[in-house]
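Written out below as C-alpha cells is the structure these notes cover.
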Amino acid sequence: MKIAVFNQNRLGVVQNEEIFDVTEAVAWDTQNVQSSLVALMTHFSEWKGKMADAMHAAPRHSLSQVKLQAPVPNPSKILAAPVNYLSHQQEMNEQFQNAPYTVEKLRLFLKAPSSIIGPDETILLPYPDRRHDHEAELAFVIGKEAKDVKASEAASYIFGYFALLDITLRGEEERTWRKSFDTFTPIGPWIVTADEVGDPHTLQMDLWVNEELRQSANTSKLICDCYKCLEIASHAMRLYPGDIITTGTPEGVGEIVKGDKVRIRIERIGEFSVEVDWK
Ligand code: MN
C-alpha cells in the first residue's frame, strides 16, 4: 500500500495516478500527523482493511491536483549512513580526499528532524557562495520499537520505504551541522509498505537536476544494506516507531544552485521533484 499525507494533513492511499482520501476511515488526527502515523503503523493489520474498504466510497483526487506533504514529518531522529556505496567513496576521495572509511567503520550520523520537508516544497540554500550538493537515498521508517535487533530480524521492524534527498553543505563544519539546515531533507512522495516493496536491495534509483541524469545506481550496491543499518543503529540507540534511517548515496553527487529542479525516482516507490532557491 502507498500511504500519503496531503492537503492539510489528510491521509491518502495512492493507486495509479489517484489519491483516495481515507482520513475518516481510521483514527487519523489531522492535528498531529506524526502520532497518527505511529498509530497507523501500530494498528496496521487492523487499519489496512478499513482503509482498503473505504477506498470504494472515498473522495478521490488526481495526484496532480493535490499537495503532497512529508509522509514522516517529525521523527524522534533521522539516522543516516555516511559512505555506503563504494562508488561514492571513490568520488569523494577524488574530489575532496576526505573519505578514507565507509559506514562499516564510521557507523551512522544524526540529521535534525526539523530539516524535513515534503515533496512539493522548496530547498533553501543558506550560502550563495558555497557548494551545496544533492544526495539521492533510499530511506525507511521504523514500524515498532527496536533495540539490539540483528540484521536477520530487522525486516519486521521496517514499516515502509520512501525516497530521501540528503542535502549537504560541503565544508569543514561537523557533518551533522552541514546536513541539518531547514529544508535539507526532502522526503516522499509517500510511504510504500514493506510488503509492496519486496526486496529493498534490488531497487534502481535515479536523480536528475534539470532533467540531466546525475545519479543512477541500484540498491544492490549498498555496503551495509537496510537490515544491517538497522542493526548498527539499534545497537547504539533505541529506535522508536516513526524514526527514519536513510541508507546513503551512490556516485554522481553534485552541486545544486538557485533555480534548479531536483528529481528523484526509486523503482517500486515513486518519484518527486523539488525546486531550489536561496534562503
Ligand atoms: Mn547522505
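Bear in mind that the values in this text are calculations on the coordinates, not laboratory data. Please read all numbers here as calculations on a predicted model, not as lab measurements. In this analysis, Cβ positions are derived from the backbone assuming ideal geometry, glycine residues included, and neighbour counts consider all displayed protein chains.
Between helix 44-54 and the chain, what is the angle of the helix's C-alpha long axis to the longest principal axis, kept within 0 to 90° and rounded to the nearest 10?
Roughly 60 degrees, rounded to the nearest 10.
With the contact rule set at Cα under 8 Å and sequence spacing of 6 or more, what percent relative contact order holds for the stretch 127-279?
35
Among DSSP bridges having both ends in the chain, what percentage is antiparallel? Round to the nearest 5.
85
Along each principal axis of its Cα atoms, how long is the chain end to end? Whole angstroms, biggest number first, please.
In descending order, the Cα extents are 57, 43, 30 Å.
With angles folded into 0 to 90 degrees, how steeply does helix 33-42 sit against the dominant principal axis of the chain? Use alpha carbons for both and round to 10.
The angle comes out at about 70 degrees.
In degrees, nearest 10, range 0 to 90: what is the angle between the Cα axis of helix 226-236 and the longest Cα principal axis of the chain?
The helix 226-236 is inclined about 80 degrees to the chain.
Taking the Cα centre of the stretch 2-69 as origin, work out the dipole magnitude from +1 charges on Lys and Arg Cβ and -1 charges on Asp and Glu Cβ, in debye rounded to 20.
Using Cβ point charges on Lys, Arg, Asp and Glu, the stretch 2-69 gives about 120 debye.
How high is the relative contact order of the chain, in percent, counting Cα pairs under 8 Å that sit 6 or more residues apart?
Dividing the mean separation by the residue count of the chain yields 24 percent.
Quick one: which residues, 5+ away or cross-chain, put their amide H under 5 Å from the amide H of W190? H built at 1.01 Å from N.
A163
Helix-derived [θ] at 222 nm for the chain: sum -39500 (n - 2.57) over DSSP H runs of at least 4, divide by residue count, nearest 500?
Dividing the helical sum by the residues of the chain leaves -5000 deg cm²/dmol.
Please give the peptides 217-225, 143-151 ranked by average Cβ packing (other Cβ atoms within 10 Å per residue), highest first, as a rough proxy for protection.
Per-residue mean Cβ counts within 10 Å order the peptides as 217-225, 143-151.
Here is the link list: K111/K147; K77/K258; K2/K261. Which ones come out longer than 22 Å on Cα distance?
Over 22 Å apart, Cα to Cα: K77/K258; K2/K261.
Just round it to a whole percent: the fraction of Cα-Cα distances in the stretch 50-163 exceeding 21 Å.
Pairs farther apart than 21 Å: 58 percent.
Pick out, in residue order, every one of the chymotrypsin sites (Phe, Trp or Tyr not before Pro) in the stretch 100-144 that is DSSP loop and has at most 16 other C-beta atoms within 10 Å; say none if there are none.
Those satisfying the criteria are Y101.
Need one number for the stretch 2-69: average projected area of the convex hull over its C-alpha atoms, nm².
For the stretch 2-69, the mean projected area of the Cα convex hull comes to 4.1 nm².
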